[in-house]
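One structure is given here, and the rest of the page talks about it.
Here, each number is a calculation from the coordinates, and none is a lab measurement. This structure is a prediction, so every number in the text was calculated from the model and none was measured. Note: ideal-geometry Cβ built from the backbone for every residue, glycine included; neighbour counts use all protein chains shown.
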Amino acid sequence: MAVGDILFLAHRVPFPPNRGDKIRAHHLLRKLATIAPVHVGCFAESDEDRSGKGELDEISASHCIVNRSKPLVLAGAEAVLSGKPVSLTAFHSARLESWVRDAITSRNIATIVIFSGQMGQYVPDDFAGRVVIDLCDVDSAKFDSYAEAGERVWLNSREGRLLAREEERLCNRADHTILISDNEAELFRSRLTSEDGANVAVLGNGIDAEFFDPSTVTPDAAIASRKGPHFIFTGQMDYRPNEQAALWVIDHFLPVIRSAYPDAEFHVVGRNPTAKLLSHKGAASLTIHGEVPDVRPYIAAADCVLAPLLIARGVQNKVLEAMAMAKPVLATPEASTGIPALDGEHWMVSPADADAMARRASTIIDDAAAKAAMGKAARCFVLDHHAWDAMLAPLETYVGISHAEARNAA
């Protein structure tokens, strides 16, 4: 194995770890820092992102945080002129490009680890070390799904096509291309135009089960004081698949479940709810909570956590968090990919059909013992299968740097 430092490039500051991509990047960085000195290049989009500088100071040997404020219109114009996907032009920075070059020249960089495909553009063609790219999921397929659903068909078709080309380029460039689940890895291989997919590996998502421990959390008092049953959906609410899922619940599931349970309530918990979601604010049986300091009390107060995603890629952290909190989860097949739990034992999986989902929900609403048993089984499943240490154990082999060699060379 090579002896040297690691260059870690991520499309967002991995602190604080409060959304799906940042959670994974956070744990990847922490694992890499146990292997060798890590130099981190990343983007910040908010004051909250910039507040992560202190943690980066502590964990990294050096870092560069670039403020990302490029308007989408400008990124789109650059994409059209350059023939590139908007996802790349939106995350292009001459400053970060220069910093990467300087880091490779002045540091003993043995391995570059890329988190998310947008950052692959920063790997110099002449870099002779090892390259590991964590795509997480197949972003190009997500844009294809948007186009197939009739959303901005030309733009999304173009983005999907060009991103697929970039994903294949990165796969050919990398020593290891990482996906988040077996399903995503198989999908990725199926979209390659060449036979070269041997370097594709899987690193699943973990969960901090000590943090998401129901025995240490008091349920939100306002929710717990009302009869219910209470259903909750969590996530970054300006992310299109999350917005779409929450609106589906409001328009389809909630009326059906309230016909059987008149006191049923739906809670949307997560930052940046869109104008479409906020237009429903104040409706009976619905609460748009927005950003909260700690999502755990809201999960703890719920009778059932919903994950009715219609378009989903990779492993859903929101599902693992709810399962760790010993809550029954009702998910669509799209939201359940990459988690090998058993339907009816660890969770409930149902197509996005309001009547069918309401019938599944009633099996735990009407049976307190069944609800408790499913919650207990869910937490046990997460403890057994989704600890971060176990998920990230292969990373040392992928980066090609021995922890012992790096420590002795320091």
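Summary of values
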| quantity | calculated |
| --- | --- |
| Centre separation in Å (Cα based) which lies between region 225-239 and region 317-352 | 15 |
| Where chymotrypsin sites (Phe, Trp or Tyr not before Pro) fall in DSSP loop in region 230-317, at most 12 other Cβ within 10 Å | none |
| At least 24 Å along the helix axis (C-alpha) and Kyte average at least -1.0, DSSP helices within the chain | 368-385 |
| Candidates per trypsin sites (Lys or Arg not before Pro) in region 81-135, loop by DSSP, up to 16 other Cβ within 10 Å | ARG107 |
| Lysine-lysine proximity count for the chain, Cα under 19 Å, sequence distance 8 or more or distinct chains | 15 |
| For PRO351, net neighbour charge (Lys/Arg +1, Asp/Glu -1) across residues whose Cβ lies under 11 Å away | -2 |
| Sites matching GluC sites (Glu not before Pro) across region 160-266 that sit in DSSP coil, with at most 15 neighbouring C-beta atoms within 10 Å | GLU195, GLU210 |
| Cα point-scatterer Debye curve for the chain, base-10 log of I(q)/I(0) at q = 0.06, 0.07, 0.08 Å⁻¹ | -0.25, -0.34, -0.45 |
| Value of [θ]222 nm, deg cm²/dmol, for the chain, DSSP H segments ≥ 4, -39500 (n - 2.57) each, nearest 500 | -12500 deg cm²/dmol |
